[in-house]
Amino acid sequence: MYDVAIIGAGPAGSTLARLIGEKYKTVIIDKRCFRNIPEGYGSGKCCGGLLAPDAQAMLAKLGLALPREVHSEPQLFVVRVIDIQRNLERYYQRYYINMDRWQFDRWLLSLAPASVDIIEKTRLKTFEKNSDHFDLSLKSNAGTRKIKAKLVIGADGGFSRVRKLAFNTKPFPKKYISIQHWVEMEDDQPFFSSIFDSDVTDYYSWTIPKRNALIIGTAVTPGADAYDKFNLLKSRLKQHGYRFGETLHTEGAYILRPVRQKQICTGKDSIALIGEAAGFISPSSAEGFSYAFKSASLLAKALRPGLKGFEKRYRTYAGPLKTNIAMKNIKSRILYNPFLRGMIMRTGINSMNINFRTDPATSLAFNNY
Ligand SMILES: Cc1cc2nc3c(=O)[nH]c(=O)nc-3n(C[C@H](O)[C@H](O)[C@H](O)COP(=O)(O)OP(=O)(O)OC[C@H]3O[C@@H](n4cnc5c(N)ncnc54)[C@H](O)[C@@H]3O)c2cc1C
């Protein structure tokens, strides 16, 4: 019997496995396979793959530095903010690390101690409580198998099966469907664009250059017209001067937006949730890595004295993280209010002038220099 069964080997699950794997008999289960690198575009998990400053700080706090294969390119230190309806555009300085998400997840999982059992290509179907343990039912191509564990940890992301099975009656964060196209890049775009267009979404859309492709993405309210909204975004970007070619890869995923604190659920009765499964993700930017690291670290801290009473300790430790999300919701109210956003953008406060286009004449002069 395992002490801890972690469902999901994303940033939250892998971090927890690394932090508790030597103290507790731990198994980590994921429906993905991390052994083979996927061919072509995309990374097996629909994501922008940007490591924001908060997440960089958390990695440093955890004593980790990104290996070379996790880095992608170009590196980004500029955000281009566009308000389509008001025809406003500004550039702001912000340091992201542009990553290969697949390599990031592989690397984080590789840091789990050798004592941790890793079960890949296997999904959690159900689990039920039996006196002092849970019986988990797992499904893979090879069939169904059962394992036993004293604790179940849902680190299974925005579409968490653990949360659905155990806490379905609790309020759920607002749900969006994100759609991403990897398209041929026809322009040099060394910046992350953040696009506000109320005809597309009440959240935001983005473009991210990734090696020789450009990711175009949005998070829209789930519904039959989700794809139409995405296509509208693409045509608006073209009208705005973005140049891109054929679609190389399409991907989608649910993304959560915790607009109220009670939508965050840390769990109870020997079941805990971490990362996006708990609702830990920024409601203003959809930045999720720092929250995955933080919530996993807090749960590891709560488990340090022993299994007894860990739920209460985790809930207490997670209090400031919930408050942080409440603060981000205040920021959201300003950022997503068209009048206030327009006012801030018009002042130009903290923005910078940037000329990112390569002028062949200048390049030549530079080469000769
Ligand atoms: C389109 C998009 C772009 C994003 N871009 C960024 C970004 O640039 N920067 C950023 O900080 N955040 C970004 N996010 C948010 C970020 O991806 C998540 O918040 C973060 O990955 C959460 O980590 P996690 O470990 O909680 O969950 P996840 O990374 O979602 O990991 C969950 C894991 O659980 C597994 N799993 C799920 N269900 C089961 C099951 N039943 N059985 C077994 N395994 C299961 C999955 O395969 C997955 O590996 C983005 C999200 C989306 C959707």
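Results, tabulated for the structure shown:
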read-out	value
With every protein chain in place, the stretch 100-204: carbon and sulfur % of accessible area (1.4 Å)	47
Rel. contact order, % - alpha carbon contacts under 8 angstrom, at least six apart, the chain	20
Nearest-0.05 FRET efficiency for T250 and E73, computed from C-beta distance (R0 22 Å)	0.45
Separation of the Q56 and D188 label points, Cα + 7 Å toward Cβ, nm	2.2
Exceeding the 27 Å Cα-Cα cut-off - candidates K139/K234; K174/K268; K61/K331; K61/K234; K164/K322; K23/K129	K139/K234; K61/K234
Under 19 Å from the Cα of K238 - aspartates and glutamates, other chains or at least 8 residues apart	D83, E89, E184, E186, D187, D188, D197, D199, D228, E246
Probe 1.4 Å, protein heavy atoms only - accessible area per residue of the chain in square angstrom	47
Theoretical FRET efficiency, 1/(1+(r/R0)^6), r = Cβ-Cβ of K175 and Q93, R0 25 Å, to 0.05	0.20
Listed residues R94, R68, R243, most fluctuating in the chain (Gaussian network, C-alpha, under 10 Å)	R68
Rel. contact order, % - alpha carbon contacts under 8 angstrom, at least six apart, the stretch 56-195	24
Over the stretch 158-229, relative contact order from alpha-carbon pairs under 8 Å, at least 6 apart, %	33
Ranking by accessible area, most exposed first, for F172, F310, F159 with a 1.4 Å probe	F159, F172, F310
Label-reachable residues, the stretch 179-216, where backbone N falls under 20 Å from a point 7 Å from N231's Cα toward its Cβ	179-184, 197-202, 205-206, 216
Cα-based helix-to-principal-axis angle, 11-20 vs the chain, degrees rounded to 10	40
Using a Förster distance of 25 Å, the FRET efficiency for D199-R346 (Cβ separation, nearest 0.05)	0.75
Mean-position separation - Cα centroids, the stretch 165-208 and the stretch 257-284, in angstrom	19
Inter-site label distance for N324 and D135 at 7 Å from Cα along Cβ, in nm	4.0
Residue of E69, E22, E39 that the Gaussian network model of the chain assigns the largest fluctuation, springs spanning Cα pairs under 10 Å	E39
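The values are calculated or read from the model by the stated rules, or taken from the named source; none is laboratory data. These numbers were taken from a predicted model, which means no experiment stands behind them. We place every Cβ from the backbone using ideal geometry, glycine too, and count neighbours over all the protein chains shown. With ligands, DNA and RNA removed, areas are computed over all heavy atoms of the protein, side chains included. Shrake-Rupley method; radii C 1.70, N 1.55, O 1.52, S 1.80 Å.
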